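One structure below.
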Amino acid sequence: MAQIDAFFKLMHDQGASDLHLVTGQQPILRIQGELTRVKYKELENDGLKAMLYEIAPEDKVKVFEETGDVDFAYEIPGLARYRANFFQQKYGVAAVFREIPSDILTCEMLGLPPIVRKLASLPRGLILVTGPTGSGKSTTLAAIVDEANRTRKDHILTVEDPIEFVHNSQEAVVNHREVGLHTRSFSAALKGALREDPDIILVGEMRDLETIALAIEASATGHLVFGTLHTTSAAKTVDRVIEVFPVNQQAQIRNTLADGLRAVVAQNLFKRIDKKGRCAALEIMIAIPAIRNLIRESKTFQIPSAMQTGKKYGMQTLDDSILELLNKKWVSADDAYAKCNNKDMFRPYLKNPPTDFTDV
C-alpha cells in the first residue's frame, strides 16, 4: 500500500470531493464545496515529492519533471479512482486529486429530469454538458452514458484525459481511450474514431478548435457525440463553440451546429442545508426548430426566452431550477443568489440584499 493511500481513505471516509497536497501546508480536503485543513504536519517538498512519485507512472514523472505539471488517473481497488494533477508552484511541488466513485450513479439516483435520461436514446447529434470546474459535469455525463450502455446494442467510444468513470460493457461495447497513453491527442483520437465503427463518442473535454470541429463533424455524420465545456449557460455554450472558429468560418459553423446540436445541459452544484451533501441545478436546452433558427440567425441572446416558452419539451432555465431547489428548502437563499443569472429574481429572498459594486 502506498503511503498516500491513507489520505485517500480519509478523503473517502469524510465524503470529500478533492484532496490538496501542497508543500509548506497541511493536507486539505474539499468537503461539500468548502476547503478544510486536516490535522497533520505541514508537508515538506522532498517528502511530498517522494509520496507523489510512489503512485505516478514513470512516464508521467518524466513529463512532470520536464513541463512542471501532469495529469493521470490512480485507482485503489475496492475504494475509488482518482484524477491526479501534479504541478510545481513557488514553494515546491503540489498536487490535487479528485475522487471518481467506482460505482456509477444512474440518472434516477442523481434525480436528473426524465428528459436528460432520454438523451441517451438519441440516434445522432451533439450533446454538451457544461458548467464550471467541480460542478458535476462528469457525473451527469457518466449517468447518461451508463443509460446508453444498459439499453443500447451499440459501440461506445470514450476519449478522456485521463479516463475517469470506467464503464464495463453491458448491452453496448465500451472502449476507453486515454490521451497521452492510448492516443496522442483528442483530435487524433477523434480522427481515428471515425474508422472504429462507433455509434456513441464521448469527448472528455472540447478544448480547442480542431477537437470542437471534429466533434461537430462526427455528430453531422450520423454519430451521437457527448462533450463537455466550461460554460455557465446554454446560450453562452453556443456562443463559445462558434467563437472558437475564425470569423470567416462562423456563418458556416452556425448552420452546421444548428443542424447537429441536440441538447445543452448546463449545471451548477449547491451545498444542501437540509442534510449533508450537495445537489445540482440544471439548465436544459433542447434544440427544437425555434432554437435552431436562433442559432442560425445569430440570435443566441433570445435562447433563454425560447427556453421559457419551451417547458413542455423538458426545457428549463438555470434560475428556474435554482428557484425550485430554494422552494424545497434544499439550498440557502445566499447560495442561490450567488450562483443565479437573474439577481433581481432572487433578491426578495435575502434578508440583507447586498449591493453589487459592479452594478453601481
Quiz item: Within region 5-101, what is the number of lysine pairs with alpha carbons under 23 Å apart, leaving out pairs fewer than eight places apart on the same chain?
Solution: 11
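Restricting to Cα pairs below 8 Å that are 6+ residues apart, what does the relative contact order work out to for the chain? Please round to a whole percent.
Values: 647 pairs, mean separation 42.6, N = 360.
Answer for the chain is 12 percent.
Is the shape of region 169-298 best called rounded, prolate or oblate, per the rule: a/c under 1.5 gives rounded, else a/b larger than b/c gives prolate, else oblate, with a ≥ b ≥ c the square roots of the Cα gyration tensor eigenvalues?
Here region 169-298 falls in the oblate category.
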Self-check item: For the chain, calculated [θ]222 nm from helices alone, where every DSSP H run of n ≥ 4 adds -39500 (n - 2.57)
Solution: -10000 deg cm²/dmol
Quiz item: Among the lysines, which fall within straight-line cross-link reach of K312, defined as a Cα-Cα distance under 16 Å, with same-chain neighbours fewer than 8 residues apart omitted?
Solution: K118
Practice problem: Could you please rank L326, L350, placing first whichever residue has the fewest other Cβ atoms within 10 Å of its Cβ? | Solution: L350, L326
Practice problem: Pull out a ≥ b ≥ c, the square roots of the eigenvalues of the alpha-carbon gyration tensor of the chain, then state rounded if a/c is under 1.5, prolate if not and a/b is larger than b/c, and oblate in the remaining case. | Solution: oblate
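State whether region 151-238 is rounded, prolate or oblate according to the following rule on the C-alpha gyration tensor (a ≥ b ≥ c being the square roots of its eigenvalues): a/c under 1.5 gives rounded; otherwise a/b larger than b/c gives prolate, and the remaining case gives oblate.
Details: a/c = 1.45, a/b = 1.32, b/c = 1.10.
Since a/c stays below 1.5, the shape of region 151-238 is classed as rounded.
With a Förster radius of 30 Å, plug the Cβ-Cβ distance of T36 and Q302 into 1/(1 + (r/R0)^6) and report the FRET value to the nearest 0.05. Mind dumping the intermediate values first?
Numbers: r = 43 Å, r/R0 = 1.44.
Efficiency for this residue pair is about 0.10.
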Self-check item: Length-normalised contact order for region 5-101 - Cα pairs under 8 Å, 6+ apart - percent
Solution: 26
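On a full-extension model of 0.36 nm per residue, what is the gain between M345 and T309, subtracting their alpha-carbon distance, rounded to one decimal in nm? Walk me through the numbers on the way to the answer.
Details: separation 36, 0.36 × 36 = 12.96 nm, distance 1.79 nm.
Contour length minus Cα-Cα distance gives 11.2 nm.
Cut-off is 10 Å between beta-carbons; in what order do E147, E54 appear when sorted fewest neighbours first? Write out the running numbers ahead of the final one.
Values: E147 20, E54 11.
Fewest to most other Cβ atoms nearby, the residues stand as E54, E147.
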Self-check item: Antiparallel bridge percentage (DSSP; both residues within the chain; nearest 5)
Solution: 60
Self-check item: Theoretical FRET efficiency, 1/(1+(r/R0)^6), r = Cβ-Cβ of A338 and K191, R0 51 Å, to 0.05
Solution: 0.75
Quiz item: Taking θ as phi - 60°, what are the ³J(HN,Hα) couplings along region 157-168 by the Karplus curve (6.51, -1.76, 1.60), each to the nearest whole Hz, with x for Gly and Pro?
Solution: 10, 10, 10, 9, 9, x, 5, 9, 6, 9, 9, 7
Exercise. Fewest Cβ neighbours within 10 Å first, please rank T130, T106 accordingly.
Key: T106, T130
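Just so you know, all these numbers are worked out from the coordinates, no wet-lab data involved. Everything quoted here is computed from the prediction, not taken from an experiment. Every residue, glycine as well, gets a Cβ built from its backbone with ideal geometry; the counts of neighbours run over all protein chains shown.
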